[in-house]
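Each reported figure results from applying straightforward, stated rules to the coordinates on display, with no laboratory input. All of these numbers come straight from a predicted model, not from anything done at the bench. Note that we place each Cβ from the backbone using ideal geometry, even for glycine, and neighbour counts take in every protein chain shown.
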Amino acid sequence: MTKTGNDRKKPGSRRPNAERREESMTLILDHAEAEFAVKGYNGTTLASVAEVAGVDTALMRYYFGDKEKLFDAVFRRRGPLINAARFEALEAYRVRTGDKGTLEGVIEAFVRPGFDLAQRDDGHRNYAAIVAYVNSSKGAMHSLMSEVFDEVSRELIEHMERVMPEAPREVLYWGYHFLTGAFTFSLGQTGRIDRISGGEVLSSDFAGMADRLPAFVAGGIRALCALDAGARQAG
């Protein structure tokens, strides 16, 4: 029996397997990201992700293996995008200011892309909360933090040294340590400052953080430089 034109599949009417696979993986990663952001690593299960994503747990295992590998995939997904924005901002600041750059400007170029992305949509806000969680963890999770973000962190320190050549390298490392702690905690959106301030300051105010954090950290680094210089003179 000859098929009519209506019976035949139109060319391109079936999506390629790779496209459907990519769509399924994105769906799973989006929902896993939200689950990990709200419930943390220990509170999230493959079954809970499968339920909110509307997929079979077996499909998740096929794509990602176990929960650890799923978490790793979630963490690695947005990191390169954020890093690219930071590298671009740091280089643009260097080109724009030359030898007149400031420590505040360098720090802002590093932190503002992350805050801006978190301000943009739920996905990036969820990712920001996960970064905050991972940066306060030890072991394998902190190795994941290093894998994704160490390169751009070293780039930041080089730019800090460029605008403050007189600063001891040790002081810049301490400055970075305190910066990354304040930065990632701010990404966590814990809501604690909301309660303490009676709503006057919000932990979801990423624009406000981006405006204030550079001045706060730069002032601290300069104070550390003065402290170091005083200790050297006393010694």
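Numbers at a glance
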{"quantity": "Kirkwood Rh in Å, taken over all unlike Cα pairs in segment 14-65", "calculated": "11.3"}
{"quantity": "The chain, helix-only ellipticity at 222 nm - DSSP H runs n ≥ 4, -39,500 (n - 2.57), divided by all residues, nearest 500", "calculated": "-26500 deg cm²/dmol"}
{"quantity": "Calculated SAXS-style log₁₀ I(q)/I(0) at q = 0.16, 0.22, 0.25 Å⁻¹ - segment 20-107, Debye, Cα scatterers", "calculated": "-0.65, -0.97, -1.19"}
{"quantity": "Cross-link partners of Lys100 among aspartates and glutamates (Cα-Cα below 19 Å; sequence separation of 8 or more within a chain)", "calculated": "Glu88, Glu91, Glu108, Glu155, Glu158, Glu161, Glu166"}
{"quantity": "Contact order normalised by residue count of the chain, Cα under 8 Å, 6+ apart, percent", "calculated": "19"}
{"quantity": "Crossing angle, helix 169-187 versus the chain [Cα axis fit, 0-90 degrees, rounded to tens]", "calculated": "40"}
{"quantity": "Segment 77-234, dipole about Cα centre (Lys/Arg Cβ +1, Asp/Glu Cβ -1), debye to the nearest 20", "calculated": "180"}
{"quantity": "Separation of alpha-carbon centers, segment 13-86 and segment 201-216, rounded to whole Å", "calculated": "30"}
{"quantity": "Global size of the chain as Cα Rg and Dmax, reported in angstrom", "calculated": "22.7, 100"}
{"quantity": "Ranked Val217, Val201, criterion: other C-beta atoms within 10 Å, fewest first", "calculated": "Val201, Val217"}
{"quantity": "Charge dipole (the chain, unit charges on Cβ, about Cα centre) - positive-most of Asn135, Val49, Ser24", "calculated": "Ser24"}
{"quantity": "Using a Förster distance of 35 Å, the FRET efficiency for Asp116-Ala231 (Cβ separation, nearest 0.05)", "calculated": "0.35"}
{"quantity": "Calculated FRET efficiency for the pair Ser143/Tyr62, C-beta based, R₀ 35 Å, to 0.05", "calculated": "0.85"}
